[in-house]
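The values are calculated or read from the model by the stated rules, or taken from the named source; none is laboratory data. Quantities reported herein were computed from a predicted structural model and do not represent experimental measurements. Here Cβ is always computed from backbone atoms with ideal geometry, including for glycine, and neighbour counts include all displayed protein chains. Surface areas here come from the heavy atoms of the whole protein model, side chains and all, with no ligands, DNA or RNA. Shrake-Rupley method; radii C 1.70, N 1.55, O 1.52, S 1.80 Å.
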Amino acid sequence: MSQLPADQPHAIPPRRLVLVGPPGVGKGTMSALLKERLGLRTLSSGEIFRHEIEMQTDLGRMAKRYIDHGELVPNGVTIEMMSKQLHDPQIKQSGFVLDGFPRTVKQAEALDEVLFELEQGLDKVVSLEVPQEVIVQRLTGRIGCTKCGEIYHSKNKPPKREGVCDRCNSPLFVREDDRPETIRERIRVFWETTAPVIEYYAKTSTLQRVDASHGPENTYAAICS
Ligand code: AP5
């Protein structure tokens, strides 16, 4: 596992990345930093589903039945949704960070096909890794902004004013699927269905394992190293 101090100069930063890892490992936090600092477009399948749920679309209603129980949304609709996002012509310019997709080997194969069509390759697949007890502690304290998506933690990164986003003053919320029993199921599903995706990428040279237990800045530096 690689670690770099936050102030060490980075090598050429990656432009097309996948972040993979268990729930609460910090994929959303790293995506936000990569977007802010490198201008990459973030494509989070979980965020897109939550938006669809909020808009009460057919896709949102269907996805909610799975998400509320900590299960994965079926491959077919997920692949179609993410493929549409990746076909946006702006993506070629901006680069992208995929957060939470692919999450099954079938999705990883579909992503290969989409990128082949688009004549693009992945610079890096980052497997974020922390001990399980840290995951549970991170998820049980997580709070998010209803508007800008900023992520906080009640102990490690509290907002300046309780219940209000520091960046945009909007109300904060706790995710429906961050209930203890759903967290347990999400972790189980990760080991059963998503861990094989890491093995899939381990066969290529693009996989980088990163110890994500040392705070956001060190994790970010390790990804960009
Ligand atoms: P999704 O939204 O992708 O959830 P997840 O993978 O379970 O990941 P989380 O968003 O919970 O955690 P994270 O790793 O982003 O951590 P975060 O940065 O927030 O998916 C939700 C659901 O949608 C799935 O269960 C599934 O049903 C469905 N779905 C999504 N994609 C799908 C797909 N491809 N196929 C099928 N179904 C799909 O950080 C967590 C906390 O830790 C925060 O409070 C943060 O402040 C803190 N923290 C983060 N990093 C650090 C650090 N380095 N040090 C200290 N604290 C940190």
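Of note:
- Of Pro89, Thr104, Val130, farthest towards positive along the dipole that unit charges on Lys, Arg, Asp, Glu beta carbons give region 79-147: Val130
- The gain in end-to-end length when the Glu71 to Met55 segment is fully stretched comes to 3.7 nm, 0.36 nm per residue minus the alpha carbon separation.
- Order by protection proxy (mean Cβ within 10 Å, highest first), peptides 88-94, 129-135, 39-45, 16-22: 16-22, 39-45, 129-135, 88-94
- Using a Förster distance of 30 Å, the FRET efficiency for Arg37-Asp166 (Cβ separation, nearest 0.05): 0.95
- Lysines with Cα under 23 Å of Lys147, excluding same-chain neighbours fewer than 8 positions away: Lys27, Lys35, Lys64, Lys155, Lys157, Lys160
- Between Glu117 and Val105, the simple label model (points 7 Å from Cα in the Cβ direction) yields a spacing of 2.3 nm.
- Normalised per residue, the accessible area of the chain is 53 Å², obtained with a 1.4 Å probe and no contribution from ligands, DNA or RNA.
- Which of Thr42, Pro196, Cys165, positive extreme of dipole for the chain (C-beta unit charges): Cys165
- Rolling a 1.4 angstrom probe over region 16-224 with all protein chains present gives an accessible area of which 52% lies on carbon and sulfur atoms.
- Rounded to 5, percent antiparallel among DSSP beta bridges of region 16-224: 30 percent
- For region 58-162, the dipole from Cβ point charges (+1 on Lys and Arg, -1 on Asp and Glu) about the Cα centre works out to 740 debye, to the nearest 20.
- Here the chain is assigned +1 on the Cβ of each Lys and Arg and -1 on the Cβ of each Asp and Glu. Its dipole about the Cα centre then comes out at about 480 debye.
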